1. Out of the residues in the stretch 60-74 that are outside any strand (DSSP E or B) and over 14 Å from Q21 (Cβ atoms), which is modelled with the highest pLDDT?
2. Starting from residues that are among the polar types (S, T, N, Q), closer than 20 Å to A67 by Cβ and at pLDDT 95 or above, keep the ones in the stretch 10-50 and report whichever is nearest to the chain's Cα centre (by Cα).
Amino acid sequence: MKVLLGASLLFILSFSANTKQRADLLVYDATVYTVDSKFATAEAFVVTNGKIVDVGNSRDLLEKYDAKEKLNAE
């Protein structure tokens with residue numbers, strides 16, 4: 001019983017660990033100027049199907065997305 005429970009837990013964790021969202025392009029380590037009411041800045045943005053779908057800090061977006069292409073804007 002313990003072996004079955006352990007194997008089931010390992011199986012579930014292996015699938016949940018790789019649940020990154022797919023994207024076409026992730027630009028990181030940049031200075032991104034937004035056009036919101038505060039004209040806030042960010043470090044990274046994500047593009048899917050020709051549209052910006054997320055803006056934020058580099059570390060979070062690199063963990064959240066699996067992009068076909070990644071561009072370090074340094």
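The values are calculated or read from the model by the stated rules, or taken from the named source; none is laboratory data. None of these values were measured; they are calculated from a predicted model. Cβ atoms come from the backbone with ideal geometry, glycine included; neighbour counts cover every protein chain shown.
1. Quick first cut of the stretch 60-74, residues outside any strand (DSSP E or B) only: 60-64, 73-74.
Within this subset, residues satisfying the condition of being over 14 Å from Q21 (Cβ atoms) are 73-74.
Working: A73: 97, E74: 93.
It comes out as A73.
2. Q21
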